[in-house]
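The values are calculated or read from the model by the stated rules, or taken from the named source; none is laboratory data. From a predicted model like this one, the values you see are computed outputs, not experimental measurements. Cβ placement follows ideal geometry from the backbone for every residue including glycine, while neighbour counts extend to all protein chains displayed. Quick note on the areas: whole protein, heavy atoms, side chains included, nothing else; ligands and nucleic acids left out. Shrake-Rupley method; radii C 1.70, N 1.55, O 1.52, S 1.80 Å.
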Amino acid sequence: MQNVRHFVILAVLIAVVSVLTYLGLDALELMPVAAAAQAAPIDWLMDLQVKLIAFFFALIVVPLVYSLVVFRRKPGEAGDGEHIEGSTSLEVTWTFIPLVIVVVLGYIGADNLAQVKRVDPQAVEIKVVGYQWGWRFEYPEGFVSNTLYLPVNKQAVLKMESSDVLHSFWVPEFRVKHDLVPGRVEIYRITPTLIGDYKVRCAEICGASHAYMESPIKVISQEEYTAWVNEQAAIAAAEAAAALANPDPKRGEKLYNEAGCKACHSIDGSKGVGPTWKGLWGSQVPLADGTTVLADEAYITESIRNPSAKVHQGFSPNAMPSFAYLKDGQIADLIEFIKTLK
Amino acid sequence: MSHASTSSSTGSFNRALLFFLIGTLLGLGLGIGLHAAVSGGFNATYLKDIPSWMLGLLVGTLGFFYGLLGYYGIVRGLVFQVIGTLAGILLVTAIRAAMGLPFFDPAKFGFHEGAWVFGALVGAVSFLAGVGALTDWWKWAKGESTPDHHEDVPGWRKYFGVSLDHKVIGIQYTVTSLLLLSVGGLFALLFRVELAESGLQFLTVLTPDQTAALNLYNSLMSLHGIVMIISILLGIAGVINYLVPLLIGAADMAFPRLNAFSFWVAVPAAVILLGSLGLGGFDTGWTGYAPLATRAPIGIQMFYLGVWVAGWSSILGALNLIATVLRMRARGMTAFRMPILVWASVATSIISLTATQLIGLSFQMSMFERLFGMPFFNVAKGGNPILFQHLFWFYSHPAVYVFVLPGLGVISELLPVFARKPLFGYRWVALSSIGIALVGFLVWAHHMFTSGMNEYLRVPFMYSTLLVAVPTGVKFFSWVATLWKGKIEAPTPMLFVLGGIVVFLLGGLSGPPNATVSTDLHLHDTYFIVGHFHSTMFGGYVFPFFAAIYYWFPKATGKRLDETLGKWHFWLMTPAFFVLTLFMMRVGLLGMRRRIADYDPMLGFDPWHLAMTIAAFLIALSVLVFFYNMVKTLRSPVTETGNVWNSRSPEWQVPSPMPAHNYEKEFEVVGEPYDYGLPGSVYVKM
């Protein structure tokens, strides 16, 4: 009889604590805003997991605390507890039921993954390049951006490449993350559903400035997106034409800030991951092999396209990714900018 | 301890502190002087030279032990290590010079990378020769015989030199583990101060510029991970070494010299590992993923080599333990009459014996890629960076079961004593350890769900990972059922056992969301994982480890740790840990990436991080209370030599501390280990 009373109290307490734990966790709003179609199944599964967590937490902690209160040794009490060695049927039960839960959860998980991976053959394709320490987004219309613009409610397929080490593309509001592996094209599909500003942050440690490897993302309407793409493509074409004919340090400075040069090369003479650009033009650059080279157009162009060809003394080779994607005109702009840094 | 020896040890301790100070200043001065000589002038920022400070600490530590011991044991080992390292460096440098290769590299602290690696390896072997861990084998090789048992030097000095007694070795392991726990904890406190607020404000004070501060953050974070892992490996080796022979009625481990070797090889490994901070550190995290690792400062080579050398300790220790349990059990101790901690130790040793090679191999391959240009992980030359991750996790996932299984064994071992009831479902609990160990071998790729590994393989790895929940669940249910209808008492060891159960539950329950692939795509590499992992480590190792120390301290020393201070320790650490781990999970879900030195203030994480930093300091304070408790108890004249906890286990049937060769007469097992509440039953007949 006393056993029945214990178990009734326990069952009630476990039910109450489960529900309260779940409601409490739910009220905390555990996940950030969901801004992509892929977030929906993930959040659904996460919610199921939180329910399981709440239940199993109560299932263990309630009887544990209950035992500590009810079965504690009272003052003056002597002797041992009841001699109960175990129960095979109980052990089989609490092996078998979790096993069933695991198998079902695995099935749900696999199905959930399939929903997240759903492919839209009409997806917008954008090339993403991760490097130490920044992101670059290359649009098939022939221009490059430092901000990732995406049209809302349309699947984007990002073809991701890394020019140096492992990186990982993660936007918390999109939920899904995926690594960038040097030498490979990794596919990342996302369908933004909420217009707004987000940030992609590198989630795989990639060296000193890993924390700062972030870029803005703008999810905009399809009309705005089309307009933006057309505008960027036109600007890029015009700039390329103008630069070849007439290089401009202003455009060079903009490129310095946006293409990622700034992360490693200072323009005030301070030492960074790479050598400073201040006073670079026309100087004799000491190389790792002991020789020197004149910093002229040929040297700078080569160092941008193939950075390890001539390594500056005191700096490690392979530290800089190749910027071979820059057009001749853009490099001419950069050189004009470097010339101004006396 | 008599009054006279107390005052003489106080005297040598004061001398040791003085020598530590002098040594540190000498080493620091030498380092800064060298830097100034090489650069041709002194600059105030040299005072922030981390390599010089590390040199200072090395010389200071040497001075400390010299002041304490004179030229004996560990002092000889360290001196040999320093000389061996220099000899190795100079040998490679001389060979390179003779071959006309470049041998001086100012970017790599003067010498070629190969010289540093070879030097460190020679240093490790020299340490073992110097400390005397190879002496008997060397004599045998020469045809000389040595006594089977060496008498230990009397008093506390025996702990600082080679001893073949498993109890001495167990304590050596445990104390070394606590030291590394403090070092790893100190690293964590340093970077937690930096994280208390967004922006960089603390580490920039210690370093000359922002890049150096970021690199220092990465080095501290990486070293926190690996130093804690080595600390845990030594801690469980300490518990296992001290207890398993006592629990099974053996006079010692099967191979006492190998046992001593396994401990002593970990000491130069720890020196090399910490030395990485003096050689530029490394920025890869303890995972050391290629290709970032191929570009890291040479500190990463010391990290690789330190882990590689420490791996020998794990593999050989596990071999020894399995041989001991298989061959040296007391009469009547059948498999299902072994204490549950012995089962857990065997399960953990199976993993250590067979998986440690894989982390050694992956690190060795990365090391060779840097030294000899073998492009194992370099895509441009046909290598594959994902291969590193597979090899690395094939050990490093099972390794977490190495860390927790002995702790879960301690929980299962102590619960019956304090509930005064048999362990519920003993056979199921025993076999669940083996089950976890075996399933643990099949789950490694769940660390790689976002890595670009084969897409379809992710599903079988999800199933195998979820499967671990089943044997783990058996343990939890059995623990709760053990408490049911007991007569529960809760002195300090039991508090840590109960805390361990709840904290490990938190770690266990936060596991399945990482196992199901789609949710892991969000959670991977965030603070959620960091929180989950710290819960499993605290619940599965830290709490049970402290429980074990409080519980068996009287066995080892004949003195019982102070209950009031023990309760302070517990009630400071537990709530602080809950704040730390739950807040980690909270910010992780909301977008806090792991391994970042700084975070976007727009995310609004500042108050959460401040709370975590305060919690981390409270945990550190609680550990200081624990250290104070140990010192105070050891100095107190009050003794406790009897069966303090009223246990049935054989080691408590003889007076404490345990005599040198354990039991005077072999005992016989005549009953079940945990038959509390069965009148007239005993486990062993002495």
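Inspect all residues belonging to region A:160-178 and state whether any of them is among the aliphatic types (A, V, I, L, M), closer than 30 Å to B:D209 by Cα and assigned to a strand (DSSP E or B).
Scanning region A:160-178, I find no residue that is among the aliphatic types (A, V, I, L, M), closer than 30 Å to B:D209 by Cα and assigned to a strand (DSSP E or B), so the answer is no.
Out of contact with any Gly (no Cβ under 9 Å at 6 or more places or on another chain) and open to solvent by 10 Å² or more (accessible area, probe 1.4 Å): which single residue out of B:V193, B:V153 fits that description?
The unique qualifying residue is B:V193.
Just to be sure I understand, how many residues within region A:17-39 are part of a helix (DSSP H, G or I), open to solvent by 20 Å² or more (accessible area, probe 1.4 Å) and in contact (Cβ under 8 Å) with a residue 40 or more places away in the chain?
Qualifying residue count, region A:17-39: 1.
Here is a list: A:F56, A:F96. Which entry is among the aromatic types (F, W, Y), under 27 Å from B:T519 (Cβ atoms) and more than 7 Å from chain B (Cβ to nearest Cβ)?
A:F96
Going by the conditions given, is A:Y66 more than 8 Å from chain B (Cβ to nearest Cβ), within 16 Å of B:F477 (Cα to Cα), among the hydroxyl-bearing types (S, T, Y) and assigned to a helix (DSSP H, G or I)?
Answer is yes for this residue.
Of all residues in region A:185-214, how many are open to solvent by less than 10 Å² (accessible area, probe 1.4 Å) and more than 7 Å from every other protein chain (Cβ to nearest Cβ)?
Number satisfying all stated conditions: 6.
Given (1) surrounded by 15 or more Cβ atoms within 10 Å (Cβ to Cβ); (2) more than 7 Å from chain B (Cβ to nearest Cβ); (3) part of a loop (DSSP other than H, G, I, E, B), where does A:A78 come up short, assuming only one miss?
(1)
Name the single residue that is farthest from B:A419 (Cα to Cα) among those in region B:659-682 being more than 14 Å from every other protein chain (Cβ to nearest Cβ) and open to solvent by less than 20 Å² (accessible area, probe 1.4 Å).
B:N662
Select from region B:248-276 the residues that are open to solvent by less than 20 Å² (accessible area, probe 1.4 Å), farther than 15 Å from B:G123 by Cα and either assigned to a helix (DSSP H, G or I) or of a type in the set (G, A, S) (or both) and list them in ascending order.
Of everything in region B:248-276, those that are open to solvent by less than 20 Å² (accessible area, probe 1.4 Å), farther than 15 Å from B:G123 by Cα and either assigned to a helix (DSSP H, G or I) or of a type in the set (G, A, S) (or both) turn out to be B:I248, B:G249, B:A250, B:N259, B:A260, B:S262, B:F263.
For (1) in contact with a Ser or Thr (Cβ under 7 Å, 6 or more places away or on another chain); (2) at pLDDT 95 or above, each residue gets a yes or a no:
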| residue | (1), (2) |
| --- | --- |
| B:S52 | no, no |
| B:L55 | no, no |
| B:L69 | no, no |
| B:F80 | yes, yes |
| B:T85 | no, yes |
| B:P102 | no, no |
| B:D105 | no, no |
| B:V117 | no, yes |
| B:G123 | yes, yes |
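Quick test for you: out of B:A399, B:A355, pick the one residue that is assigned to a helix (DSSP H, G or I) and either modelled with pLDDT of 95 or more or within 16 Å of the chain's Cα centre (by Cα) (or both).
After ruling out the rest, the residue left standing is B:A399.
Listed residues B:S177, B:S198, B:S145; which is under 29 Å from B:G281 (Cβ atoms), small (G, A, S) and surrounded by fewer than 20 Cβ atoms within 10 Å (Cβ to Cβ)?
From the options B:S177, B:S198, B:S145, the qualifying one is B:S198.
Restricting to helices (runs of 4 or more DSSP H) lying wholly in region B:435-527: which have 3 or more residues that are more than 10 Å from chain A (Cβ to nearest Cβ)?
Passing ranges, in order: B:492-509.
Here's the yes/no breakdown for (1) more than 27 Å from the chain's Cα centre (by Cα); (2) open to solvent by 10 Å² or more (accessible area, probe 1.4 Å); (3) over 30 Å from B:F118 (Cα atoms):
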residue: B:N378; (1), (2), (3): yes, yes, no
residue: B:Q389; (1), (2), (3): no, no, no
residue: B:L405; (1), (2), (3): no, no, yes
residue: B:G409; (1), (2), (3): no, no, yes
residue: B:W428; (1), (2), (3): yes, yes, yes
residue: B:S433; (1), (2), (3): no, no, yes
residue: B:V443; (1), (2), (3): no, no, yes
residue: B:S451; (1), (2), (3): yes, no, yes
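Kindly evaluate B:G332 against the criterion of being over 22 Å from the mean Cα position of the chain (by Cα), more than 16 Å from B:E413 (Cα to Cα) and among the small types (G, A, S).
yes
So, of the residues in region B:81-100 that are closer than 10 Å to B:G123 by Cα and among the small types (G, A, S), which turns out to be most open to solvent (accessible area, probe 1.4 Å)?
B:A87
Are any of the residues in region A:101-112 modelled with pLDDT under 90 and aliphatic (A, V, I, L, M)?
no
Taking A:W135 and the conditions (1) open to solvent by 40 Å² or more (accessible area, probe 1.4 Å); (2) more than 9 Å from every other protein chain (Cβ to nearest Cβ), which numbered condition does it fall short on, given that it satisfies the others?
If we test A:W135 against (1) open to solvent by 40 Å² or more (accessible area, probe 1.4 Å); (2) more than 9 Å from every other protein chain (Cβ to nearest Cβ), just (1) comes out false.
Residue check: is A:K177 closer than 30 Å to A:E29 by Cα and either open to solvent by less than 20 Å² (accessible area, probe 1.4 Å) or more than 10 Å from every other protein chain (Cβ to nearest Cβ) (or both)?
yes
For every residue, the table says whether it meets (1) polar (S, T, N, Q); (2) over 30 Å from B:K487 (Cβ atoms).
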| residue | (1), (2) |
| --- | --- |
| A:T21 | yes, no |
| A:K51 | no, yes |
| A:L64 | no, no |
| A:P75 | no, no |
| A:G81 | no, no |
